[in-house]
Amino acid sequence: MNQLKRLLIVTMILTCFSSVAVTKENSIKIALDWKPEPEFGAFYEAERLSLFQKAGLDVEILQGGSGQPVAQMIAAKTVPFGIVASDAVLINRSQGGKIVALFAIYQDDPHGIMVDPSRNIHSLAELFAEKGDIAVSKGLPFVQWLEHKFPRKNAKLIPYSGGVGEFLRRKDYAQQCFVFSEPISAERLGKKPVVFLSKDTGFNPYLTVLATHEDFLTNNPEVVKKLVQAVRLGLQSYLRAPEETNRLMAGLNTSMDLATFNEASKRQLPFVETLETKKNGLGSMTLKRWEETKQQLMVLGLIGPNLDVSKSFRSY
């Protein structure tokens, strides 16, 4: 095949791919559960590279914030897609909701508790046994799991109000964190914390999970498939070279500077790419992991035993 023929064939393929019509049915919104940060890099990368548009989708990404009830929004069909955690999916389904998980960015839970290094604490069990304040959002399932796993002796749980100011001021103050968020902020202000991850205690739900409603999935299977494919391509691209999309997100979320965006995007890699994703693909989920989360939520009394977890997610 000569060079001219190759060029004509490539041009025809690109033309067909880029000419997919965007219809009203393919105009969708994705509700984030927080502000633009590296955990959402896949979505903003897909937007920046026009991957949604090339798939025939008109996608609007809705920024979230503290207390954004995304699971309830999906269940109520306020939005067709949103970002949730797998434990939130199971809790909502146990209450009669019909949320379905589609794609999990974080294969391992990056929640943790960060501690002043001068305290010489070696474990969460030791932290919960010693005097001091632990700032947490008590309604979060991972916090409830830690309370169940490590009964307090002298530690006092207090409300977490955000930021790292109190952590920097007090040695006896520990707080919840995302391993590549608050710890980076503290480091850049002069104190490198010791971080104990929730996943190391056995509680390890999927996080930053793209989800939809069962009815939307039933009525629009091709739209869902195309969206998942575009997000996967966006994630692959973002993991290789996150800098441009980090700049885009930093412009949307001025509470985090670009240097922190770039550092966080590096540190999140082992939570996104695992042995499972190397075998099954980025964003993949397993029934075994969903069953484990179900059993732990049952122990905490958050759901009952009759929930069929196989209906809680789809594989693509």
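The values are calculated or read from the model by the stated rules, or taken from the named source; none is laboratory data. All values derive from a computational prediction rather than experimental measurement. Glycine gets a Cβ as well: all are built from the backbone with ideal geometry, and neighbour counts include every protein chain shown.
Of note:
- Check on Asn26, free of Cβ contacts under 8 Å to residues at least 24 places away in the same chain and within 25 Å of Glu214 (Cβ to Cβ): no
- Residues satisfying the stated conditions in the range 131-150, i.e. more than 25 Å from the chain's Cα centre (by Cα) and either within 20 Å of Glu182 (Cβ to Cβ) or assigned by TED's automatic domain parsing to the domain that holds Asp33 (or both): Gly132, Asp133
- Failed item in (1) within 23 Å of Pro38 (Cα to Cα); (2) at pLDDT 95 or above, with Asp172 passing the rest: (1)
- Residue ranges of helices (runs of 4 or more DSSP H) in the range 151-258 with at least 1 members more than 16 Å from the chain's Cα centre (by Cα) and small (Gly, Ala, Ser): 165-169, 182-188, 221-240, 243-252
- Check on Phe216, aromatic (Phe, Trp, Tyr), under 30 Å from Lys98 (Cβ atoms) and touching a residue at least 12 places away in the same chain (Cβ under 8 Å): yes
- Condition check for Leu146: on the phi < 0 side of the Ramachandran plot and in contact with a Leu (Cβ under 7 Å, 6 or more places away or on another chain): yes
- Filtering Val231, Val164, Val179, Val195 for residues that are outside the structural domain of Ala125 (by TED's automatic domain parsing) and among the β-branched types (Val, Ile, Thr) leaves a single hit, Val231.
- Boolean, Lys225 is under 23 Å from Ser50 (Cβ atoms) and surrounded by fewer than 20 Cβ atoms within 10 Å (Cβ to Cβ): yes
- Those strands (runs of 3 or more DSSP E) of the range 29-127 in which 1 or more residues are among the β-branched types (Val, Ile, Thr), touching a strand residue (DSSP E or B) at 6+ places or on another chain (Cβ under 8 Å) and surrounded by 23 or more Cβ atoms within 10 Å (Cβ to Cβ) occupy 81-84, 99-106, 111-115.
- Single residue of the range 4-54 satisfying the filter (closer than 30 Å to Lys77 by Cβ and of a type in the set (Lys, Arg)) that is modelled with the lowest pLDDT: Lys24
- Any pair with Cβ under 8 angstrom, 6 or more apart, that starts in the range 111-123 at a residue that is of a type in the set (S, T, N, Q) and ends at one that is surrounded by fewer than 20 Cβ atoms within 10 Å (Cβ to Cβ) and not in a strand (DSSP E or B): Ser118/Lys171
- Candidates are the residues of the range 55-68 that are closer than 15 Å to Glu37 by Cα and among the small types (Gly, Ala, Ser); the one that is modelled with the lowest pLDDT is Ser66.
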